[in-house]
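Here's the structure we're looking at; comments come further down.
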Amino acid sequence: MIIVKNLVKKFTNGETTLVANNNLSFEVETGEFLSIIGRSGSGKSTLLYQLGLLDHPTSGKILIDNVDVTNLYADRRTEYRLNNLGYVFQDYALLPTLTSLENVSVPLLMRGFSISDAYKKGRKALDKIGLSKKYDNLPSMLSGGEQQRVSIARAIVNEPKILFADEPTANLDSETSKLVLDSFTELNQNGQTIIMVTHEKEYAAIGDRTLELKDGNIVRFTKN
C-alpha cells in the first residue's frame, strides 16, 4: 500500500537546520495497522504528515497504491487526499455548529454527493463506530471520546485506502482511550489500513507492527 524511499524532511530557521526525518525507507502492507512511536521531537508526527500528503518532504519518494504522490500539484494533492485518505487528529476538529451526522457528511458533500446520499453514508459510518443514537447531537453535547469517534466516522465515511491518526487518545482518559482504540482495532479487522502515531507503547502494541523513531531516524521496526 505504501512504499517510502529515502524520505528526508528538513526545517530551516536562519542558519539552523533541523532534520526531522532522516533518510527513512520502509513499506506498509494493505490492511496493516502500523503504529509509529517516539519521544516528543522524534519526528513521528512529521512523518505522518508526509505520508498523509499534508506536507511535502525535502527529498525522497512516497508511493501509495503504486502512485507516486511525492510531487503532486496542489489541486491534485487535495483531490487525492479527499478521495483516498482519512485523518483523525487529537483535537477532534469538529465544526461546533454542526451535528454529528452533518460533521461526518461534510467530506461527501465536498465530493459532490447529494445531501440524502451523504447522510445515508454518514449514518452507516456513525453506526460502525457505535454512535447510532448520536446523529443529531452537537459536539458540545458529546463526551471527549464520543467526539473523537465522530471524527473517526468522518475519516472513514469516504472508505479511504488509508486512515491516519495523530495521537488520537492524547486528550482522553485511559478508559475512553480504550474505546477509541477498540474502534481502530475493529476497523482494521475489517480490512482498513491504519497508520497511528502515539507516544504510548501500550497503545502502539495493538498494531501489527511498530516503527520507533529517535531524532528523525528509525531505531526499531518490529512485529507486535
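Quick check: net charge around Glu27, other residues with Cβ under 11 Å of its Cβ, Lys/Arg +1 and Asp/Glu -1? Let's see the in-between values first.
Working: positive: Lys5, Arg209; negative: Glu29, Glu32.
Counting the neighbours of Glu27, the net charge comes to 0.
When ranked by the protection proxy of mean other Cβ atoms within 10 Å per residue, highest first, what sequence do the peptides 94-100, 137-143 form? Display every interim value, and only then the final one.
Values: 94-100: 16.3, 137-143: 14.4.
Sorting 94-100, 137-143 by mean packing, highest first, produces 94-100, 137-143.
Exceeding 22 Å between C-alpha atoms, which entries from my cross-link table qualify? They are Lys5/Lys223; Lys10/Lys161; Lys10/Lys223; Lys9/Lys223; Lys121/Lys178.
On the way: Lys5/Lys223 20 Å; Lys10/Lys161 27 Å; Lys10/Lys223 29 Å; Lys9/Lys223 26 Å; Lys121/Lys178 26 Å.
In this structure, Lys10/Lys161; Lys10/Lys223; Lys9/Lys223; Lys121/Lys178 exceed 22 Å between Cα atoms.
Relative to the Cα centre, what is the charge dipole magnitude of the chain, using +1 at the beta carbon of each Lys and Arg, -1 at the beta carbon of each Asp and Glu, and rounding to the nearest 20 debye? Don't jump to the answer; show the numbers that get you there.
Values: 26 positive and 27 negative charges, 58 e Å.
Computed about the Cα centre, the dipole is about 280 debye.
Give the accessible surface of the chain per residue, rounded to a whole number of Å², with probe radius 1.4 Å and ligands, DNA and RNA excluded.
Details: 11190 Å² over 224 residues.
Heavy-atom accessible area per residue stands at 50 Å².
Quick one: compute the contact order of segment 1-120, relative version, from alpha carbon pairs under 8 angstrom and 6+ residues apart, as a percent. Before the final figure, lay out each step's value.
Values: 135 pairs, mean separation 27.3, N = 120.
Worked out over segment 1-120, it gives 23 percent.
Would you work out which of Leu48, Gly31, Val197 lies farthest towards the positive end of the dipole of the chain, given +1 charges on the beta-carbon of Lys and Arg and -1 on that of Asp and Glu, about the Cα centre?
Gly31
Using a ≥ b ≥ c from the Cα gyration tensor of segment 62-185 (square roots of the eigenvalues), is it rounded, prolate or oblate, where a/c under 1.5 gives rounded and otherwise the larger of a/b and b/c decides, a/b for prolate?
Values: a/c = 2.06, a/b = 1.34, b/c = 1.54.
Because a/c hits 1.5 or more and a/b fails to exceed b/c, segment 62-185 counts as oblate.
With +1 on the Cβ of every Lys and Arg and -1 on the Cβ of every Asp and Glu, and nothing else charged, how large is the dipole of segment 138-186 about its Cα centre, in debye rounded to the nearest 20? List each step's numbers first, then the result.
Working: 4 positive and 8 negative charges, 35 e Å.
For this selection, approximately 160 debye.
Taking all protein chains together and a probe of 1.4 Å, list Glu167, Glu159, Glu102, Glu15 from the most accessible to the least accessible.
Numbers: Glu167 20, Glu159 135, Glu102 60, Glu15 190 Å².
Listed by decreasing accessible area, they come as Glu15, Glu159, Glu102, Glu167.
Using only DSSP helix segments of four residues or longer, with each worth -39500 (n - 2.57), what per-residue ellipticity at 222 nm results for the chain after dividing by its residue count and rounding to 500?
Working: 7 runs with 77 residues, N = 224.
The per-residue figure over the chain is -10500 deg cm²/dmol.
Could you calculate the FRET efficiency of Glu29 with Leu109 from 1/(1 + (r/R0)^6), where r is the beta carbon distance between them and R0 is 45 Å, rounded to 0.05?
Computed FRET efficiency for Glu29 and Leu109 comes out at 0.90.
Excluding Gly145 itself, calculate the net charge of residues whose Cβ lies under 12 Å from the Cβ of Gly145, where each Lys or Arg counts +1 and each Asp or Glu counts -1. Don't skip to the answer; put the middle values down first.
Values: positive: Lys134, Arg149, Lys178; negative: Glu146, Asp173, Glu175, Asp182.
Value of the local net charge: -1.
In whole Å, how far is the Cα centre of segment 89-149 from that of segment 1-66?
The two parts, judged by their Cα centres, are 29 Å apart.
May I ask you to list, by number, the DSSP H helices of the chain whose Cα span along the axis is at least 27 Å and whose average Kyte-Doolittle hydropathy reaches -0.5 or more? Let's see the in-between values first.
On the way: long enough: none.
Counting only whole DSSP H runs, no helix qualifies.
If each residue of separation counts as 0.36 nm, what is the full-extension length gain between Lys10 and Tyr135 once their alpha-carbon separation is subtracted?
Working: separation 125, 0.36 × 125 = 45.00 nm, distance 4.26 nm.
Additional length available on full extension: 40.7 nm.
Work out, step by step, the length gained on full extension between Asn71 and Ile3: first 0.36 nm times the residue separation, then minus their alpha carbon distance; give nm to one decimal. Display every interim value, and only then the final one.
Numbers: separation 68, 0.36 × 68 = 24.48 nm, distance 1.47 nm.
Fully extending the segment from Asn71 to Ile3 adds 23.0 nm.
Would you mind classifying segment 33-106 by shape? Square roots of the alpha carbon gyration tensor eigenvalues, ordered a ≥ b ≥ c; an a/c under 1.5 is rounded, otherwise it is prolate if a/b is larger than b/c and oblate if not.
Values: a/c = 2.27, a/b = 1.30, b/c = 1.74.
Judged from the Cα gyration tensor, segment 33-106 comes out oblate (a/c at least 1.5, b/c at or above a/b).
Restricting to Cα pairs below 8 Å that are 6+ residues apart, what does the relative contact order work out to for the chain? Please round to a whole percent.
On the way: 440 pairs, mean separation 65.1, N = 224.
Averaging sequence separation for qualifying contacts and normalising by length gives 29 percent for the chain.
In percent, how large is the relative contact order of segment 154-224, given Cα pairs closer than 8 Å and 6 or more residues apart?
Values: 65 pairs, mean separation 19.4, N = 71.
With pairs under 8 Å counted, the relative contact order is 27 percent.
Would you work out the charge dipole size for segment 114-169 about its Cα centre, treating the Cβ of every Lys and Arg as +1 and the Cβ of every Asp and Glu as -1, and quote it to the nearest 20 debye?
260
Sort the following peptides by mean Cβ neighbour count (other Cβ atoms within 10 Å, averaged over residues), highest first: 191-201, 210-220. Don't skip to the answer; put the middle values down first.
Working: 191-201: 19.9, 210-220: 17.8.
Output ranking for 191-201, 210-220: 191-201, 210-220.
Working out 0.36 nm times the residue gap between Ala93 and Thr185, then minus their Cα-Cα distance, what length gain in nm do you get to one decimal?
Values: separation 92, 0.36 × 92 = 33.12 nm, distance 2.18 nm.
Extending this stretch completely gives an extra 30.9 nm.
Could you look at the chain and say what percent of its accessible area is carbon and sulfur, using a 1.4 Å probe and all protein chains? Don't skip to the answer; put the middle values down first.
On the way: 5230 of 11190 Å².
Accessible surface attributable to carbon and sulfur in the chain totals 47 percent.
The values are calculated or read from the model by the stated rules, or taken from the named source; none is laboratory data. Every value quoted in this text rests on a predicted model; they were computed, and no experiment measured them. Using ideal geometry, Cβ is built from the backbone for each residue, glycine included, and neighbour counts are taken over all protein chains shown. Heavy atoms of the whole protein, side chains included, go into the accessibility calculation; ligands, DNA and RNA do not. Shrake-Rupley method; radii C 1.70, N 1.55, O 1.52, S 1.80 Å.
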